[in-house]
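Novice: Before I ask anything, here is the structure I am working with.
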Amino acid sequence: MKTQHDLPPGKLSHCQICGGTDLRLVMDLGHHAPCDSLVWPEQLGDAETVFPLRFLVCESCSLAQIDYVVPPQVLFFPEYPYRSGITQTLVDNLSRTATSTMERFELPSDSLAIDIGSNDGTVLKAFKARGFRVLGVEATNIAKIANESGIETIQAFFDEGVADRILSSHGSASVMTATNVFAHVSNLGSIMRGVSKLLQDGGVFVTESHYLADLLDTVQYDSIYHEHLRYYSVKSIIRLFNAYGFTVTDVERISNYGGSIRVFAVKGKNRPVGDSVGDMLDFEESAGLYDLATYDSFAARAQKAKEDLLSLVLDLRRAEKTVVGIGCPGRCATLINYTGLGPDMMPYIAEQSTSLKLGLFLPGKHVPIVDEKRMFEEQPEYAIMLSWHYAKPITAKLRQRGLRSKIIVPLPEVTIDEG
Ligand SMILES: [Zn+2]
């Protein structure tokens, strides 16, 4: 049971959680380069490596998943350009991870808190402020930024071996967190064994992952990319934790990334379970998460949104209007490559001035990523909101700063904010 959760790179033929083989294909998005493998100007003439991107659901345990594991070194390379601290909304949400946990559990405030995939240390700063000893584990060079800002961080992929090292250097932890990483890891078994070793008995493991119900409901096909191996339902995540001797005691829905779940799992079997767990399972049943027809409808809505966006942009281009992109979250690579919007139709993506992505190009379609100053200067007639899952607050801010372009929101269905 346990070793099957350590997935080798390459094609998968069984469900990532239950090991079953009743996998139903929901959407085949074709071949894509990893969405954060942005292209440097000098690489534009080189070959790009692409991998299949297929979205499936397990008919036995209702885990939605892709069926190809790209080697983690390819996906989360040292220069990985994602930094959680730069989006204020995200900083606030990540601080809530720590406060929500401290409110629910009586954790000794001088105990150790460990964050897996700790990025720039945003989650741990909130624990540190409350007196916890903190330790981050982060594979990319962003670990250096965290260390420089006073959050001790080990640069590594977390696994059982790293857990052993931490146990001898720092001792055990009362709380561990993994935000926006638990759906990404291919060595899930090794991680679960490592967390189990490091946590004290009764310690809590908090994970935050994009939520399958939100993905289906608001047609977030753009959140399907190689980094996201799994799209959890509460039902499927409970099954996973049970296999490692954890009890899922509470679940919260949170707004991160267009809809996520924060799952609290206590080390030990048969711990007291809050009402939220049963409520969420009832909700999933009523929302059709265990019903294949729901997935067919999702695929049909995704295709319609693609066709509507493409025909709108083609009409605008024929009318000689300028259309650019706003914001470059990782997920926009799926949207752009699936829809087929190249620089011939969308000459650039405007990204905030602090972004590590400026000067690079989107994989596949090679749309350049430029400083948003250019968009404010040029005031293009239309701009496609690529971080559409935060469309409202971002639009309000852009209007306040003087952007007059009509803003196209591509999903869940195409709408236009006339400004
Ligand atoms: Zn399954």
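The values are calculated or read from the model by the stated rules, or taken from the named source; none is laboratory data. Not measured: the values here are computed from a predicted model. Cβ sites come from the backbone with ideal geometry, for glycine too, and all protein chains shown count toward neighbours.
Novice: Quick one: is Ser233 of a type in the set (S, T, N, Q), within 16 Å of the ligand (Cβ to nearest atom) and more than 30 Å from Arg165 (Cα to Cα)?
Specialist: So Ser233 passes the test.
Novice: Further question on the same structure: Output the number of the condition that Glu48 fails; it satisfies all remaining conditions of (1) more than 16 Å from the ligand (Cβ to nearest atom); (2) of a type outside the set (Phe, Trp, Tyr); (3) at pLDDT 95 or above.
Specialist: Glu48 satisfies all of (1) more than 16 Å from the ligand (Cβ to nearest atom); (2) of a type outside the set (Phe, Trp, Tyr); (3) at pLDDT 95 or above except (3).
Novice: Still on this structure: Considering Glu42, Glu79, which residue is modelled with pLDDT of 90 or more, under 22 Å from Cys328 (Cα atoms), more than 16 Å from the ligand (Cβ to nearest atom) and among the charged types (D, E, K, R)? So that I can check it myself, show each step before the final result.
Specialist: On the way: Glu79 fails: modelled with pLDDT of 90 or more.
It is Glu42.
Novice: Right, something else. Which residue pairs have Cβ atoms under 7 Å apart, sit 6 or more places apart or on different chains, and have a first residue in segment 44-59 that is of a type in the set (Phe, Trp, Tyr) and a second that is within 16 Å of the ligand (Cβ to nearest atom)?
Specialist: Phe55/Val26; Phe55/Ala64; Phe55/Ile66
Novice: Pull up segment 217-254, narrow it to residues that are among the β-branched types (Val, Ile, Thr) and not in a helix (DSSP H, G or I), then point me to the one that is surrounded by the most Cβ atoms within 10 Å (Cβ to Cβ).
Specialist: Here the answer is Ile224.
Novice: Let me ask something else about it. Test of understanding: among Phe298, Phe246, which residue is over 30 Å from Val414 (Cβ atoms) and modelled with pLDDT of 95 or more?
Specialist: Phe246
Novice: Another question, if that's okay. Taking Leu199 as the residue in question, decide whether it is within 16 Å of the ligand (Cβ to nearest atom) and farther than 25 Å from Cys35 by Cα.
Specialist: No: the conditions fail for Leu199.
Novice: Can you name the residue in segment 244-287 that is among the small types (Gly, Ala, Ser) and free of Cβ contacts under 8 Å to residues at least 12 places away in the same chain and, of all such residues, is nearest to Gln4 (Cα to Cα)?
Specialist: Among those that are among the small types (Gly, Ala, Ser) and free of Cβ contacts under 8 Å to residues at least 12 places away in the same chain, it is Gly278.
Novice: Out of Lys365, Lys406, Lys397, Lys373, report the one residue that is touching a residue at least 12 places away in the same chain (Cβ under 8 Å), out of contact with any Asp or Glu (no Cβ under 9 Å at 6 or more places or on another chain) and closer than 28 Å to Leu215 by Cα.
Specialist: Details: Lys406 fails: out of contact with any Asp or Glu (no Cβ under 9 Å at 6 or more places or on another chain); Lys397 fails: touching a residue at least 12 places away in the same chain (Cβ under 8 Å); Lys373 fails: closer than 28 Å to Leu215 by Cα.
Being touching a residue at least 12 places away in the same chain (Cβ under 8 Å), out of contact with any Asp or Glu (no Cβ under 9 Å at 6 or more places or on another chain) and closer than 28 Å to Leu215 by Cα holds for just one of Lys365, Lys406, Lys397, Lys373, which is Lys365.
Novice: Another one. Can you tell me which of His32, His5 is modelled with pLDDT of 95 or more, surrounded by 13 or more Cβ atoms within 10 Å (Cβ to Cβ) and in contact with a helix residue (DSSP H, G or I) (Cβ under 7 Å, 6 or more places away or on another chain)?
Specialist: Of His32, His5, the one residue that is modelled with pLDDT of 95 or more, surrounded by 13 or more Cβ atoms within 10 Å (Cβ to Cβ) and in contact with a helix residue (DSSP H, G or I) (Cβ under 7 Å, 6 or more places away or on another chain) is His32.
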